[in-house]
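Shown next, in structure tokens, is the structure this report addresses.
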Amino acid sequence: MEPLESGAYTLAYLETAPDDGRRREIIDGGLFVTPGPSRLHQRAAAELHFQLKLASPGGLDIFEAPFDYQPTSERSLQPDVLVCGPDDTNPQHAERPLLLAVEILSPSSRMIDLLLKRGVYEQAGVHSYWILDPDKESLTVLELVDGAYVERDVVHGDDVLDATLPFPVRIVPADLFRLH
């Protein structure tokens, strides 16, 4: 993912952007464009979405990209998977602090996801941020404590994550990447 022209883009641009299969995100005027995800990336996102949906207590919206999260008038992001709270009812995009944002690392977005988006999600009050790394078959769980992310767990391969946020759910990283 590489920024195009810094300081030049507003959220209004997203309404007129071409529909060419690339993800467009705006952070403080910078436009970040990434190519469509790989098969492995899509498999992991779809499987995680499915597992979260099964475990959800109900009353929550669980989406896969492309679905915009716009925490401010200058930021629009598209987490790979996101969980919105029951009070976030805007039909066009999420606005309230997410209960969960998940990014699946890829070569084009690795540093943006690990550094920039982590900071943006933290500032926006996203309760939990999960980072899936296909290369390591790992899942890193960050939770917001007193306004800052704290690493709660890192699980690899066939190890089991018993998450409590956004709700109790059991995740095995290797299962997200396997053909079923």
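The values are calculated or read from the model by the stated rules, or taken from the named source; none is laboratory data. Quick caveat, the model's predicted, so the values are computed rather than measured. Backbone-built Cβ (ideal geometry, glycine too); neighbour counts: all protein chains shown. We work out accessible area using only protein heavy atoms, side chains counted, and drop any ligands, DNA or RNA first. Shrake-Rupley method; radii C 1.70, N 1.55, O 1.52, S 1.80 Å.
With the requirement that a residue be open to solvent by less than 30 Å² (accessible area, probe 1.4 Å) and outside any strand (DSSP E or B), what does segment 25-35 give you?
Taking segment 25-35 first, the residues open to solvent by less than 30 Å² (accessible area, probe 1.4 Å) are 25-27, 29-34.
Gly29 - this is the single residue of segment 25-35 that is open to solvent by less than 30 Å² (accessible area, probe 1.4 Å) and outside any strand (DSSP E or B).
Looking at the structure I just gave you, is Ser38 among the polar types (S, T, N, Q) and buried (at least 18 other Cβ atoms within 10 Å of the Cβ)?
Answer is no for this residue.
Which count do you get for residues in segment 59-103 that are closer than 18 Å to Tyr149 by Cα and either open to solvent by 30 Å² or more (accessible area, probe 1.4 Å) or among the hydrophobic types (A, V, I, L, M, F, W, C) (or both)?
Final tally of qualifying residues: 10.
Tell me which of these Val120 doesn't satisfy, since it passes every other one: (1) outside any loop (DSSP other than H, G, I, E, B); (2) open to solvent by 60 Å² or more (accessible area, probe 1.4 Å).
The one condition Val120 does not meet is (2).
Conditions tested, residue by residue: (1) over 24 Å from Gly58 (Cβ atoms); (2) modelled with pLDDT of 95 or more; (3) in contact with a Pro (Cβ under 6 Å, 6 or more places away or on another chain); (4) assigned to a helix (DSSP H, G or I).
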position: Asp88; (1), (2), (3), (4): no, no, no, no
position: Leu98; (1), (2), (3), (4): no, yes, no, no
position: Ser106; (1), (2), (3), (4): yes, no, no, no
position: Glu151; (1), (2), (3), (4): yes, yes, no, no
position: Asp159; (1), (2), (3), (4): yes, yes, no, no
position: Leu176; (1), (2), (3), (4): no, yes, no, yes
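From the list Val145, Val102, exactly one residue is hydrophobic (A, V, I, L, M, F, W, C) and in contact with a helix residue (DSSP H, G or I) (Cβ under 9 Å, 6 or more places away or on another chain). Which is it? Reasoning before the result, please.
Details: Val145 fails: in contact with a helix residue (DSSP H, G or I) (Cβ under 9 Å, 6 or more places away or on another chain).
Among Val145, Val102, only Val102 is hydrophobic (A, V, I, L, M, F, W, C) and in contact with a helix residue (DSSP H, G or I) (Cβ under 9 Å, 6 or more places away or on another chain).
Please enumerate the residues belonging to segment 123-146 that are open to solvent by 40 Å² or more (accessible area, probe 1.4 Å) and farther than 21 Å from Val169 by Cβ.
Gln123, Asp135, Asp146
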